[in-house]
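Inspection log for the structure reproduced underneath, given as structure tokens.
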Amino acid sequence: MRISRPSSNLQPITSIALLLLAAVCAAPGTPTNSEPALAPFELRDQYDVSHKISFPATNVTVMTVADKKGSEQIDGWIAALKERYTGQILIEGIADVSNVPRLLRSMVREQFKKHRKYPVMLDWAGPTVRSFHYHKDEANVFVIDRQGHVTGHFTGTTNEIALNELFLAIDRALSKPRQTGKRETRPGECD
């Protein structure tokens with residue numbers, strides 16, 4: 001014996017409503033913060049100064065990550081960022097030096113001092129750079145909102161199109177209001 005249940009006409013309507021709500025909450029160009037916030041980390045630069053990075057932060061952060069080959073592509077990105085966003089964002093850099101043998105570290109540190117006057121964090125062991133899932137042999141530029149979510153990732157050499165996309169990602173992150181505390185989302189609201 002088979003018992004039949006009355007079919008509900010609301011099920012397709014409910015599904016459509018949920019899909020529309022999901023589309024509104026995840027509009028293109030709007031980070032959904034589905035990516036976990038970056039874990040805090042601390043690295044030393046070529047001058048042996050410690051840099052502690054943690055979130056939430058006061059400023060939007062642009063983080064460059066590169067190995068030796070990728071570092072050759074960094075300057076074009078940094079120059080454009082400094083020209084457009086002086087005083088508005090925090091620019092940080094991490095070098096993947098995890099393949100450098102311990103005996104050569106002091107020499108590598110001196111090379112960084114000679115060629116990079118601004119501080120560059122040196123990741124000798126590699127866990128921090130790996131946490132970014134960066135592309136080896138290319139410059140990697142990450143836009144990180146004040147809550148620590150990566151909202152943009154750009155790679156390779158710079159060009160006008162890539163810079164415009166980077167600027168849009170930074171502008172979006174800057175336009176998000178600063179949060180002083182975590183606000184609970186009410187039913188029906190987007191996070």
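The values are calculated or read from the model by the stated rules, or taken from the named source; none is laboratory data. Just so we're clear, the structure is a prediction, and the values are computed from it rather than from any experiment. Cβ sites come from the backbone with ideal geometry, for glycine too, and all protein chains shown count toward neighbours.
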Subset of region 115-126 (residues that are free of Cβ contacts under 8 Å to residues at least 60 places away in the same chain and under 14 Å from PHE41 (Cα atoms)) | TRP124, ALA125, GLY126
PHE112 fails exactly one of the following numbered conditions: (1) surrounded by 14 or more Cβ atoms within 10 Å (Cβ to Cβ); (2) within 20 Å of the chain's Cα centre (by Cα). What is the number of that condition?
-> (2)
Out of all the residues in region 166-174, is one or more over 17 Å from VAL62 (Cα atoms) and not polar (S, T, N, Q)?
-> no
Got a sec? Which of ALA26, ALA57 is at pLDDT 65 or above, among the aliphatic types (A, V, I, L, M), under 20 Å from the mean Cα position of the chain (by Cα) and over 22 Å from TRP124 (Cβ atoms)?
-> ALA57
Mind checking which pairs have a first residue in region 100-114 that is closer than 18 Å to ALA66 by Cβ and a second that is in a helix (DSSP H, G or I), Cβ under 7 Å, 6 or more apart or different chains?
-> VAL100/VAL108
Of the residues GLU165, GLU92, GLU110, GLU160, which single one is within 19 Å of PHE41 (Cβ to Cβ) and among the charged types (D, E, K, R)?
-> GLU92
Enumeration of residues in region 123-166 that are closer than 19 Å to PHE55 by Cα and part of a helix (DSSP H, G or I) = PRO127, THR128, VAL129, ARG130, SER131
